[in-house]
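*Asks:* Here it is, the structure, as structure tokens.
The values are calculated or read from the model by the stated rules, or taken from the named source; none is laboratory data. Computed from a predicted structure; not experimentally measured. Every residue, glycine among them, receives a Cβ derived from its backbone with ideal geometry; neighbour counts consider all protein chains shown. Accessible surface is based on the protein model in full, side chains and every heavy atom, while ligands, DNA and RNA are left aside. Shrake-Rupley method; radii C 1.70, N 1.55, O 1.52, S 1.80 Å.
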Amino acid sequence: MATLVVKRSIMHRYQSIGQAIAEAAPGDQIEIRDGIYEEDLDIAKRLTLYGVGNVTIKGGVFIRYQTHVSMRNLRFRQGQGIYVKGDLQLENCIIEEQLIRTQIMVSYGSLSMQNCAVLATPLNHFGLRVANGSSVILADTTFEHHEKAQIIAQNCELTLTNCMLLEGKKHGIFAIRHVQMTMEHCELHGHQKAQIMAAASQLTITNSLIHQGQEIGLQIFDSSTLRMDGCMLRDHLDASMMVHRSELMLSDCQFSDGQGHGLYLGEKTEAKLYDCQFSHHVKAQILIENSKAELRKCRVQNGMAAGVTIADEADVAITDCQIQHHQQFHIIVDASGLQLQQSTLQFGQSGGIYGNDHAKITLQHTVMRELKSHHIYINQARLFTQYCTFEQMQENGITCIDAIFEVAHSHFKQGIDSPYAMVWSDHSMGRIESCTVDQAARPFLALSNKSLLEIRHTDVHALKIPAVVQERSQLYVQSCHNISTWKKDATSRITKITADKNKTKYVK
């Protein structure tokens, strides 16, 4: 293996890089000394090129098919770009101000870049384009200021480690289709469109920061798969993440300080979120439409609007989560299903859960406390509650309008003195069974507008007014210990059911 030295001097045999390439044998090294070399490089043999001092190459670089080339310590400036069909390794290089739209193109080849920078002028639409089964590995590399996408990829494998993509005019990464991308310890900042956009691709993103975008943080659609762990998305002017018709798995991620939604799931997306945090978004922190989602051990807090909005036949399970400090309802369920378990909803400027348009809401082992409006408000919906606790109610605890509901094995406590009832049924049907109610200067039940309700095995002895029944409503009472008066108007009926060993007695 020989080393050929290139230097612009009449004392040296090789005064151009092209001359050294032409005479080098496969496996040789070409050492390039200080200077500006205005020439194109067409390489079809295995070579190593490295610069000593300040070396600038003004020309195009073409790596032929099935050719392995290594380059280091070089600056490529104002040339015709780098085109790779073979195998190129770049280390400690700068690629800038190329005179074509795409600064680096990899097709049917492979590229490895270590500690490089790809810097754009307004002429450069793309920093790196990868296609046709190529493989690219980027480490400690920076892309800046490209007009369309800093990296555009299609039908390829792409790996980024410790990279920075900064202030592109449109996208940071645009993975069109059939891209397998792995990104770790990277930063994307300040892009004017989606910082990452992917269609029909598989993405794995770990321990990365994606922030201060002028539009969307991540936009994923068309049967893509995204796995994220330990990432932070913040300060976007639109949604931090938008996912359509895809599969999403998030763990230990943080979404914060956005002008839109934190996470938007739509069009039959399937998502699983574990140990994630959402805070300080202007719109609903999580919006789920026509999708299936599971949230476990997540925190959703300090939002300017709703915490979680579930709509358009979505199916959502929330387990062991904390949702607090929202200016609107913590959870809104519209024409969808919600299963809420082992969670806490608290400290709301408005209410806890709002259900509408045939929503189905199931609560188990959940605590709702210190909400300035309704703990639960449902309209034309269904509610099933077991082993829950409702604390410090200021207005109605549970309001049901044109609804079907069941509340069982639950505890109503620390009810603030108020003219409102803890449970209000308006033109609804329901059952309350095996609940306990602490002392409060307010009714426990209020029935109106032809409501039909059964209350069984519920301890209301601490209340002065267990129920107020009016407007042609009916209440059936069984095994409820109380000596106070159950109030009704002339159009309504309260029926007390007592059972002995032989028969059941009905007492009006």
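*Asks:* For region 52-113, what does the alpha-carbon gyration tensor say about shape, rounded, prolate or oblate, given a ≥ b ≥ c as the root eigenvalues, a/c under 1.5 as rounded, and a/b over b/c as prolate?
*Replies:* Because a/c hits 1.5 or more and a/b fails to exceed b/c, region 52-113 counts as oblate.
*Asks:* When only C-alpha pairs under 8 Å and at least 6 residues apart count, what is the relative contact order of the chain, in percent?
*Replies:* 4 percent
*Asks:* Once you list every other residue whose beta carbon is under 13 Å from the beta carbon of H280, what net charge do they have if Lys and Arg are +1 and Asp and Glu are -1? Don't jump to the answer; show the numbers that get you there.
*Replies:* Numbers: positive: R234, K283, R299; negative: D235, D257.
Every neighbour counted, the sum reads +1.
*Asks:* Also, I was wondering about something else. So, how do all the Cα-to-Cα distances of the chain break down into 10 Å bins, in percent, from 0 on up?
*Replies:* With a bin width of 10 Å, the distribution comes to 4, 17, 20, 15, 12, 10, 8, 6, 4, 2, 1, 0, 0.
*Asks:* Let me ask something additional. Considering only protein heavy atoms and a probe of 1.4 Å, how much of the accessible area of region 142-246 is carbon and sulfur, as a whole percent?
*Replies:* Its accessible area is 40 percent carbon and sulfur atoms.
*Asks:* Could you tell me the center-to-center distance, by alpha carbons, between region 359-405 and region 260-318 in angstrom?
*Replies:* Each part reduced to its Cα centre gives a spacing of 20 Å.
*Asks:* Now a separate question. Pairs of Cα atoms under 8 Å, at least six residues apart: use those to get the relative contact order of region 1-40, whole percent.
*Replies:* Taking the mean separation of contacting Cα pairs over the length of region 1-40, I get 48 percent.
*Asks:* How much accessible area per residue does the chain have, counting only protein heavy atoms and a probe of 1.4 Å, in square angstrom?
*Replies:* Value for the chain: 42 Å² per residue.
*Asks:* Something else now. If the reach is capped at under 20 angstrom between alpha carbons, list the lysines near K450, excluding any in the same chain fewer than eight residues apart.
*Replies:* Here the lysines satisfying the reach criterion relative to K450 are K487, K488, K496, K508.
*Asks:* Let me ask something else about it. Under 14 Å Cα to Cα from K272, which aspartates and glutamates show up? Leave out anything in the same chain fewer than 8 places away.
*Replies:* Cα-Cα hits under 14 Å: D229, E247, D252, E294, D315, D320.
*Asks:* If you take every residue apart from Q328 with its C-beta less than 14 Å away from the C-beta of Q328, what net charge results, scoring Lys and Arg +1 and Asp and Glu -1?
*Replies:* Taking every other residue near Q328 into account, the sum is +1.
*Asks:* Spin-label point model (7 Å from Cα, Cβ direction): what's the R431 to M11 distance in nm?
*Replies:* The two pseudo-label positions are separated by 10.1 nm.
*Asks:* Tell me, what is the FRET efficiency for Q19 and L209 to the nearest 0.05, using R0 = 41 angstrom and their Cβ-Cβ distance as r?
*Replies:* E(calc), rounded to 0.05, equals 0.35.
*Asks:* DSSP loop trypsin sites (Lys or Arg not before Pro) in region 10-115 with at most 16 other Cβ atoms within 10 Å of their Cβ, which ones?
*Replies:* R13, K45, R64, R101
*Asks:* Rounded to the nearest percent, how much of the accessible area of region 1-132 (1.4 Å probe, protein heavy atoms only) is carbon and sulfur?
*Replies:* Exposed carbon and sulfur together represent 46 percent of the surface.
*Asks:* K297: accessible area at probe 1.4 Å, nearest 10 Å²?
*Replies:* Counting only protein heavy atoms, K297 exposes about 90 Å² to solvent.
*Asks:* Considering only the other residues whose Cβ falls under 9 Å of the Cβ of Q154, what net charge follows from Lys and Arg at +1 and Asp and Glu at -1?
*Replies:* Neighbour charge sum, excluding Q154 itself: +2.
*Asks:* Please report how far the C-alpha centroid of region 195-230 lies from that of region 437-483, rounded to the nearest whole angstrom.
*Replies:* Distance between centres, Cα-based: 52 Å.
*Asks:* Under 27 Å between alpha carbons, and skipping anything fewer than 8 positions from K148 in its own chain: which lysines qualify?
*Replies:* K58, K85, K169, K170, K193
*Asks:* State the percentage of accessible surface on region 251-375 attributable to carbon and sulfur atoms; use a 1.4 Å probe and exclude ligands, DNA and RNA.
*Replies:* For region 251-375, the apolar C and S fraction of the accessible surface comes to 38 percent.
*Asks:* Between E471 and Q327, what is the label-to-label distance in nm when each label sits 7 Å out along the Cα-to-Cβ direction?
*Replies:* 3.2 nm
*Asks:* Under the 0.36 nm per residue contour assumption, what length would be gained going from the current alpha-carbon distance of N132 and Q66 to full extension?
*Replies:* In short, 22.3 nm is gained.
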